Amino acid sequence: MSHYTAPIRDMQFVMRELAGLDEVAKLPGCEEVSPDLVDAILDEANKFASGVLAPLNRSGDQEGARWEDGRVITASGWKDAYRQFTEAGWTALACEPEFGGQGLPKLVATAVMEMWKSANMAFSLCPMLTNGAIEAIALTGTDEQKATYLPKMISGEWTGTMNLTEPQAGSDLAAVRTRAEPQGDGTYKIFGQKIFITYGEHDLTDNIVHLVLARLPDAPEGVKGISLFVVPKFMVNADGTPGARNDVHCVSIEHKLGIHASPTCVLAFGDSGGAIGTLVGEANRGLEYMFIMMNEARFAVGMEGLALSERAYQHALGYAKDRIQGTEIGVRGGPKVSIIHHPDVRRMLMSMKSQTEAMRALAYVVGAATDVAHAHPDENVRAQKQAFVDLMIPVVKGWLTENSIEVSSTGVQVHGGMGFIEETGAAQHFRDSRITTIYEGTTAIQANDLIGRKIAREGGATVKAVIGEMRRVAAKLAEESSDSFAAMRKSLEAGIAALESAVEYILATYGKDVKAASVGSVPFLKLLGIVAGGWQMARAALVAQARLAENADGGDFYRTKIVTARFYADHILPQAQGLAYTVVNGAQSALELAEEQF
């Protein structure tokens, strides 16, 4: 059975040494975020994650959610865990104090979010979608909508959803057909069906606030004609309590490869006269508003990739230390040993460990940049950080989730045949990870956004600035005299050169042959992720070396950091050159065959 303990020491290291917690704490509104407060939050979150959520992960996967006559019943223990979750105030962590939130920085919320998702991904999806809905209403809703919904959602008394996908539309939101008919009193009747709605129906709270994309009668065609509406499961009385049942109902839940305890619902709006909703913001700007939720959700899904990788690594490591099999290579007649002594098992564990640490570092750095982009007093600094965040959100979402499939699959391999047996639990991490590259936009959608909007449209300005930062770190590696740092420098410089060549190809090709550029979009996203991960691992190694020179406490931790960064440079970063070759040279063979030749 898999247990989970948050890697608090590594979280603290990344937050303080790489993401700049001290600088975040200087931002307006963050002055009380001391290291002691953050440590206390992480400690309490770890207790809840390991003590309440993690024990439900396996049982929730086995039992799943079930649908009965329009009702969804969550797995055993879910309701009590959610009650404890809200009573402890975890739903309000990073929300605005004006409506009952605690106002903590995204950097702190990011670390806590990782714990929820590692401990129990299926459970974590409910507050994840609620947080996205909170942000959308907070930024674009009317004063009445904010007053009606935000206090209850921030407290966790009500949850929220995002309703985009329809059976005929999939990722093509221009094909959305759900319609909204104005009633003349400021309300609208909503008619249509939405699919793949996470926690669209459940028994955890007495109301659910749906954010729904729909078309007004006079809306233009395509994505420019989509509006956003708030459609609650129960109408809200004047005193704020749930009132009459709205005409939105769950007609089924999906039977999925993984995340069995998270109900993925088909919702029908208006089958009995029309679901009542109110317009969010201006008409025909719904997709713009929904992307507020989408970007929040995409970052959170990337965190799922990190979290599942951490959980799979912990699971595999525990098994490798306990499983006795074979004698140690090179020791003739020696005793039977645990499999962690075998070189290939060591390689697999180091691959899992190094990639997970690289993912954590990059995600936390992006989380901290989001805080600076929102709150820094200098407008230019805000703009620079926002450009960095915009560039890296597709990478956090796409690269971390693609990695999680590889890392969790490697975890199954470490277990050998036992990994393929459900009872060990290793397979669950693999199954759960498989959805992460799909929802909130597939990896290709992230990658097309990355090369188009985030690189080609601005002439590569932001990515070139990031490459400049990478080169400065590589130069600092050259100042260290050890063989490990020389190897890291050589590998990082080669990775940066590969990235630069791919960027130049995209800038030269996108405008004249978008198909050719797009063939390499996913390889490019992975390339940028790998090199950005190497950049952060090099930064971590430099900090660790400095702490060792100071004779700081925790010498073994810092020495491990350097070895792990060296492994990443030796085993992961060299993939960059191959990916760059594919980006630059791979278009013709991908596009050359006629359809009938397949």
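Just so you know, all these numbers are worked out from the coordinates, no wet-lab data involved. Just so it is clear, the model here is predicted, and its values are computed rather than measured. Reconstructed Cβ throughout: ideal geometry from the backbone, glycine too, with neighbour counts over all protein chains shown.
If each Cα of the stretch 336-389 is one equal point scatterer, what is log10 of I(q)/I(0) from the Debye formula at q = 0.17, 0.22 Å⁻¹?
-0.61, -0.78
Between CYS95 and residues 5 or more places away or on another chain, which pairs have amide H atoms under 5 Å apart, with H built 1.01 Å from N, and which residues are they?
When sequence neighbours closer than 5 places are left aside, the close amide H contacts are GLN102, GLY103, LEU104.
Using a Förster distance of 45 Å, how high is the FRET efficiency between ALA486 and LEU593, based on the Cβ-Cβ distance and rounded to 0.05? Spell out each step's value before the answer.
On the way: r = 45 Å, r/R0 = 1.00.
Efficiency, from the Cβ-Cβ distance: 0.50.
Which percent of Cα pairs goes in each bin when the distances of the chain are cut into 10 angstrom slices starting at zero?
3, 16, 27, 27, 18, 7, 2, 0, 0
If you place +1 on the Cβ of every Lys and Arg, -1 on the Cβ of every Asp and Glu, and leave all else neutral, what size is the dipole of the stretch 443-589 about its Cα centre, to the nearest 20 Debye?
The dipole of the stretch 443-589 has a size of about 320 debye.
Restricting the calculation to Cα positions, tell me the Rg (one decimal) and the Dmax (whole number) of the stretch 43-132 in Å.
Both quantities, over Cα of the stretch 43-132: 13.7, 42 Å.
How large is ³J(HN,Hα), in whole Hz, for each residue of the stretch 256-267 in order, when computed from phi with the Karplus curve 6.51 cos²θ - 1.76 cosθ + 1.60 and θ = phi - 60°, using x for Gly and Pro?
Those phi angles translate into 10, 5, x, 6, 4, 7, 9, x, 9, 9, 9, 10 Hz.
Non-local amide H neighbours of THR165 (under 5 Å, H modeled in plane, Pro and chain starts lacking H): which ones?
Counting only residues 5 or more places away or on other chains, the set is ILE195.
Can you give the net charge of the other residues whose Cβ lies under 10 Å from the Cβ of LEU525, counting K and R as +1 and D and E as -1?
0
Would you calculate, for the chain, the mean residue ellipticity at 222 nm contributed by helices, counting each DSSP H stretch of 4 or more residues as -39,500 (n - 2.57) and dividing by all residues, to the nearest 500?
Numbers: 20 runs with 323 residues, N = 598.
Here the helix-only value at 222 nm equals -18000 deg cm²/dmol.
Taking every DSSP beta bridge with both residues inside the chain, roughly what % is antiparallel (nearest 5)?
On the way: 33 of 39 bridges.
The antiparallel fraction comes to roughly 85 percent.
List the pairs from LYS256/LYS397; LYS117/LYS146; LYS224/LYS464; LYS490/LYS515; LYS117/LYS353 whose alpha-carbon separation is above 26 Å, in the order I gave them.
Numbers: LYS256/LYS397 21 Å; LYS117/LYS146 28 Å; LYS224/LYS464 32 Å; LYS490/LYS515 33 Å; LYS117/LYS353 17 Å.
Pairs exceeding the cut-off: LYS117/LYS146; LYS224/LYS464; LYS490/LYS515.
Give me, ordered by chain and number, the residues 5 or more places off ASP203 or on other chains with an amide H under 5 Å from its own placed amide H.
THR74
Report, as a whole number in µm² per second, the diffusion coefficient that Stokes-Einstein gives for the stretch 250-309 at 37 °C and 0.692 mPa s using the Kirkwood radius over alpha carbon pairs. Display every interim value, and only then the final one.
Values: Rh = 14.8 Å.
Result for D is 221 µm²/s.
Based on the Kirkwood radius over alpha-carbon pairs, what value in µm²/s does the Stokes-Einstein equation return for the translational diffusion coefficient of the stretch 1-50 at 20 °C and 1.002 mPa s?
Details: Rh = 11.9 Å.
For these conditions, the coefficient is 180 µm²/s.
Any idea what Rg and Dmax come out to for the stretch 159-286 if you just take the C-alpha atoms, in Å?
Reported Rg and Dmax, both Å: 14.3, 45.
Just how large is the dipole of the stretch 167-319 about the Cα centre, in debye to the nearest 20, putting +1 at every Lys and Arg Cβ and -1 at every Asp and Glu Cβ? Intermediate values should be presented prior to the final figure.
Details: 12 positive and 17 negative charges, 54 e Å.
My answer is approximately 260 debye.
How big is the dipole moment of the chain about its Cα centre under a simple scheme where the beta carbon of each Lys and Arg is +1, that of each Asp and Glu is -1, and everything else is neutral? Debye, nearest 20, please.
Working: 55 positive and 72 negative charges, 293 e Å.
Roughly 1400 debye, rounded to the nearest 20.
Could you point to the residue in PHE557, GLN577, VAL389 farthest towards the positive end of the chain's charge dipole, with +1 and -1 charges on the Cβ of Lys/Arg and Asp/Glu respectively?
Comparing the listed Cα positions along the dipole, GLN577 ranks first.
In what order do HIS202, HIS374, HIS255 fall by count of nearby beta-carbon atoms within 10 Å, going from fewest to most? Let's see the in-between values first.
Working: HIS202 25, HIS374 16, HIS255 8.
By the 10 Å Cβ count, ascending, the order reads HIS255, HIS374, HIS202.
Among LEU450, SER433, SER481, whose Cα sits farthest toward the positive end of the charge dipole of the stretch 430-498 (+1 at Cβ of Lys/Arg, -1 at Cβ of Asp/Glu, about the Cα centre)?
It is LEU450, whose Cα lies furthest towards the positive end.
With unit charges on the beta carbons (Lys and Arg positive, Asp and Glu negative) and the dipole taken about the Cα centre of the stretch 443-589, which residue among VAL463, ALA497, GLY534 sits farthest to the positive side?
VAL463
Using the Karplus curve 6.51 cos²θ - 1.76 cosθ + 1.60 with θ = phi - 60°, work out ³J(HN,Hα) for each residue of the stretch 135-141 in order, rounded to whole Hz, and write x for Gly and Pro.
5, 5, 5, 4, 8, 10, x
Quick one, can you get me the convex hull of the C-alpha atoms of the stretch 443-589 expressed as volume per residue in Å³? Don't jump to the answer; show the numbers that get you there.
Details: hull volume 15.2 nm³, N = 147.
Dividing the Cα hull volume of the stretch 443-589 by its residues yields 103 Å³.
Ignoring solvent entirely, what values of log10 I(q)/I(0) come out of the Debye formula for the stretch 330-488 at 0.10, 0.11, 0.15 Å⁻¹ when each Cα is a single scatterer?
Here log10 of I(q) over I(0) equals -0.56, -0.65, -1.01.
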